Amino acid sequence: AQERYSSIRDRPAITKDGKTVNLLMNAGLMADLPSLDSSGAEGVGLFRTELQFLVRNKMPKRSELVVLYKRVLDAGHGKRVVFRTLDIGSDKVLPYMKPTDEPNPALGWRAIRVGLDKPGMMRMQLQALMRAAGGRPLTIMFPFVAQFEEYRAARAEVEKTLERERRLGHPLPEVLDVGAMLETPSLAFAPQKFFDEVGFLSIGGNDLKQFFFAADRENERVRKRYDTLNVSFLSLIERIVERCETSKTPLSFCGEDAGRPIEAVCLAAIGIRSLSMRPASIGPVKSLLLRVDLDALRKIIADARHRGDQSVRPAVMAYLRDLG
Ligand code: PEP
Ligand code: MG
């Protein structure tokens, strides 16, 4: 499949009306790294660090993590890599950490909630990331932030770790960018100050959609009822785009929908200009982006909403059919 798109691999994704969309890849294991070159990705928009913790039977040491993260940055040859700190809990239970007995794990003690309550592991990971970067630029993203205060507290841990590294005489990252995933609806309504302070945001569409529609992402039966192109969900995304534009906060989208061509062009049309997806999706998404007019799509989406359609998909499909 990669072969089919090799002719456009090194071309930027520029739409018919001249808008550029950045296409990045999601990764998590060493085996994903060769895709950085073969897919034409402009960087890693989401590196899921918990995968390396999940494939082991004991907690990795800091020194082992330094080696792993160094290899990731080396493979990037200077391309931006967004390291997401541990997103454990819920469906991602570490074999060496006793699972907590919770009635609703997806709504439970997970990701940054664990990181802030038991900061030892988070500090160890932050240190490993900083040492792996050495003097290079470093980008860190916190998962599952539901309110401003959680971001602030996590950011304070980063500052403390930087200070400790400086004292120990380790080289500090040349530039340090710290951002958050927007995957709970509450964060879309955080105070403006949050948008001003956060370095960047990445929409985790898988979780955002699950919590917006109250439909378990693992449960096919309920998940399939709710279309990503549902007008209400797109309104939420548009609201996030507007807020980020006001504060000039860089915004991307890294859920599975970023890798689905029809969803991807709709997200681009409503203002998301950076999409992170599995490497094999970059070709198909770019191929469609090259053929569409985002302005036209934007109007189609607005008209569908005006008519009271539940989802913009039928109208968008009709437009795409007319493209031939
Ligand atoms: C998401 O929630 O959309 C996301 C990218 O993170 P994960 O799928 O790892 O929860
Ligand atoms: Mg998520």
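Every number in this text was worked out from the coordinates using simple rules, so none of it is lab data. Fair warning: this is a prediction, and the values are worked out from it, not measured in the lab. With ideal geometry, Cβ positions are generated from the backbone for all residues, glycine too; neighbour counts draw on all protein chains shown.
Length, then width, then depth: along the principal axes, the Cα atoms of the stretch 1-104 run 52, 34, 23 Å.
Given a Förster distance of 35 Å, report the FRET efficiency between Asp17 and Asp196 from their Cβ-Cβ distance, rounded to the nearest 0.05.
On the way: r = 30 Å, r/R0 = 0.87.
Rounded to the nearest 0.05, the efficiency is 0.70.
With N as its number of residues, the chain has a Cα radius of gyration that, divided by 2.2 N^0.38 Å, comes to 1.00.
When the trypsin sites (Lys or Arg not before Pro) in the stretch 1-46 are filtered for DSSP coil states and for at most 16 other beta-carbon atoms within 10 Å of their beta-carbon, the remaining sites are Arg9, Lys16.
As a length-normalised measure over Cα pairs under 8 Å and 6 or more apart, the relative contact order of the stretch 28-176 settles at 24 percent. This ranking places Ser252, Ser287, Ser63, Ser274 by how few other beta-carbon atoms lie within 10 Å of each, fewest first, which gives Ser63, Ser287, Ser274, Ser252. Under a model in which nothing but the beta-carbon of Lys, Arg (+1) and Asp, Glu (-1) is charged, the stretch 1-62 shows a dipole of about 300 debye around its Cα centre.
Residues with beta-carbon under 12 Å from that of Pro173, excluding Pro173: net charge, scoring Lys, Arg +1 and Asp, Glu -1?
Charge balance in the 12 Å sphere: 0.
With viscosity set to 0.692 mPa s at 37 °C, what whole-number translational diffusion coefficient in µm²/s follows for the stretch 137-220 from Stokes-Einstein and a Kirkwood radius over Cα pairs? The estimated diffusion coefficient comes to 232 µm²/s.
Counting other C-beta atoms within 10 Å, and keeping those with at most 13, which DSSP coil chymotrypsin sites (Phe, Trp or Tyr not before Pro) do you find in the stretch 86-159?
Filter output for the stretch 86-159: Tyr96.
For the stretch 81-87, putting each phi into the Karplus relation 6.51 cos²θ - 1.76 cosθ + 1.60 with θ = phi - 60° gives couplings of 10, 9, 8, 8, 5, 2, 10 Hz, in residue order, rounded to whole numbers and with x for Gly and Pro. Per residue of the chain, the DSSP helices (runs of n ≥ 4 H) give a summed -39500 (n - 2.57) that works out to -13000 deg cm²/dmol at 222 nm.
Estimated from the Cβ-Cβ distance and a Förster radius of 56 angstrom, the FRET efficiency linking Asp295 and Asp74 is about 0.85.
Peptide packing for 311-323, 79-91 was compared via the average number of neighbouring C-beta atoms within 10 Å per residue; ordered from the highest value, the list is 79-91, 311-323. Considering only Met122, Met97, Met25, the Gaussian network model of the chain with Cα springs below 10 Å gives its largest mean-square fluctuation to Met97. When the trypsin sites (Lys or Arg not before Pro) in the stretch 219-285 are filtered for DSSP coil states and for at most 15 other beta-carbon atoms within 10 Å of their beta-carbon, the remaining sites are Lys224, Arg225, Lys248. Give me the percent of Cα-Cα pairs in the stretch 243-286 that sit more than 14 Å apart, rounded to a whole number. It works out to 43 percent of all Cα pairs.
Please give every one of the lysines within straight-line cross-link reach of Lys209, meaning a C-alpha to C-alpha distance under 23 Å, and leave out same-chain neighbours fewer than 8 residues apart. Hits, sequence-local ones excluded: Lys92, Lys224.
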